[in-house]
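Visitor: Sending over a structure as structure tokens; questions will come in a sec.
The values are calculated or read from the model by the stated rules, or taken from the named source; none is laboratory data. None of these values were measured; they are calculated from a predicted model. When we count neighbours, we look across all protein chains shown, and the Cβ atoms used for this are built from the backbone with ideal geometry, even at glycine.
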Amino acid sequence: MTSFGRRLQDTLAAQGPLCVGIDPHEHLLADWGLTASAAGVREFGLRVVDAAAGRVGIVKPQVSFFERWGSAGFAALEDVLAAARAAGLLVIADAKRGDIGTTMDAYARAWLTPGSPLEADAVTVSPYLGVGALTGTLEYAVAHGKGAFVLAATSNPEARRLQAARDGERSVAKLVVDEVSAFNERTTDDGEWGSVGVVVGATVDIVAAGIAEAIRPPAPILAPGFGAQGAEPGDFTHVFRALASPVVANESRSILSAGPADLAQRIADRAALYSKVNHG
């Protein structure tokens with residue numbers, strides 16, 4: 001079984017860091033001529049998958065836009081997840097789950113079990129109850145060749161005060177990174193990337209956040225904030241410095257606003273802008 005860290009490393013080397021978000025906002029559904037419904041978000045998601053396949057290596061469905069339609073929305077999401085994985089794309093389910101004990105274990109089984117209706121390659125998780133509360137989920141992910149991304153320094157400005165708060169010498173964001181690194185060190189073979197990553201926004205000052213040093217072993221970094229939130233591909237190396245190699249650069253609205261007719265070309269154009277980024 002190949003680890004998620006290894007598969008992600010290979011994907012970034014082959015197809016670059018761009019990850020296309022699948023975020024069917026209601027105004028985008030209208031712009032695309034789709035209804036605000038489970039059927040609309042299903043069609044939207046499948047069109048994004050078709051346009052992304054062969055042009056990038058990763059997609060990230062935002063779960064909330066599907067679950068608002070109840071059981072029909074989850075059925076639509078199941079179809080989009082399955083189509084993306086069948087197309088050879090790595091799929092990050094942006095669910096931001098975070099709980100304790102058996103509740104978190106159930107979330108892990110929902111999103112990371114091979115053959116599950118909601119199977120993804122990785123899921124986003126929240127450490128607000130403590131990174132240690134996620135241990136069962138992270139272990140389950142590694143055991144099944146899956147991954148997870150733990151929120152550390154997010155791109156929304158409301159988070160900065162909390163995530164920059166100090167735990168002794170370290171910021172809270174640094175504490176999260178350190179605990180993820182300790183987990184990866186226990187579960188990752190020498191020379192491999194960890195399968196558990198962190199979320200660090202492209203709009204974050206990583207020096208001020210106290211997380212500018214290279215992560216060892218290398219951990220994937222999911223980076224929202226590119227495109228509509230202001231960061232651009234040319235900012236990539238400057239923003240992430242020593243962290244740049246395993247960064248997954250997510251763009252959603254900046255790509256999806258192209259509309260269905262021009263979507264594939266927009267994806268190709270944005271991917272080309274990241275093409276010089278070196279992923280070793």
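Visitor: Can you find, within region 22-49, the residue that is surrounded by the fewest Cβ atoms within 10 Å (Cβ to Cβ) among those that are in contact (Cβ under 8 Å) with a residue 40 or more places away in the chain and assigned to a helix (DSSP H, G or I)?
Guide: Checking each candidate, the answer is Asp31.
Visitor: Restricting attention to region 141-191, and to residues there that are at pLDDT below 95 and touching a Leu at 6+ places or on another chain (Cβ under 7 Å), which single residue is farthest from Phe226 (Cα to Cα)?
Guide: Asp167
Visitor: Could you identify the single residue in Ala141, Ala153 that is under 22 Å from Glu192 (Cα atoms), of a type outside the set (Asp, Glu) and in contact with a strand residue (DSSP E or B) (Cβ under 8 Å, 6 or more places away or on another chain)?
Guide: Ala141
Visitor: Which helices (runs of 4 or more DSSP H) does region 122-192 wholly contain that include 1 or more residues that are out of contact with any helix residue (DSSP H, G or I) (no Cβ under 6 Å at 6 or more places or on another chain) and surrounded by 17 or more Cβ atoms within 10 Å (Cβ to Cβ)?
Guide: Details: elements: 135-143, 160-164, 172-187.
Correct list: 160-164, 172-187.
Visitor: Go through region 194-221 and report how many residues are buried (at least 24 other Cβ atoms within 10 Å of the Cβ) and either within 15 Å of Pro246 (Cα to Cα) or free of Cβ contacts under 8 Å to residues at least 24 places away in the same chain (or both).
Guide: Summing the residues that are buried (at least 24 other Cβ atoms within 10 Å of the Cβ) and either within 15 Å of Pro246 (Cα to Cα) or free of Cβ contacts under 8 Å to residues at least 24 places away in the same chain (or both) in region 194-221 gives 13.
Matching residues to (1) aliphatic (A, V, I, L, M); (2) within 14 Å of Gly201 (Cβ to Cβ); (3) in contact with a Ser or Thr (Cβ under 9 Å, 6 or more places away or on another chain):
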residue: Tyr128; (1), (2), (3): no, no, no
residue: Gly136; (1), (2), (3): no, no, yes
residue: Val150; (1), (2), (3): yes, yes, yes
residue: Leu175; (1), (2), (3): yes, no, no
residue: Val180; (1), (2), (3): yes, no, no
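Visitor: Further question: So for region 52-69 (the condition being over 19 Å from the mean Cα position of the chain (by Cα) and surrounded by 17 or more Cβ atoms within 10 Å (Cβ to Cβ)), does at least one residue qualify?
Guide: Yes, region 52-69 contains a residue that is over 19 Å from the mean Cα position of the chain (by Cα) and surrounded by 17 or more Cβ atoms within 10 Å (Cβ to Cβ).
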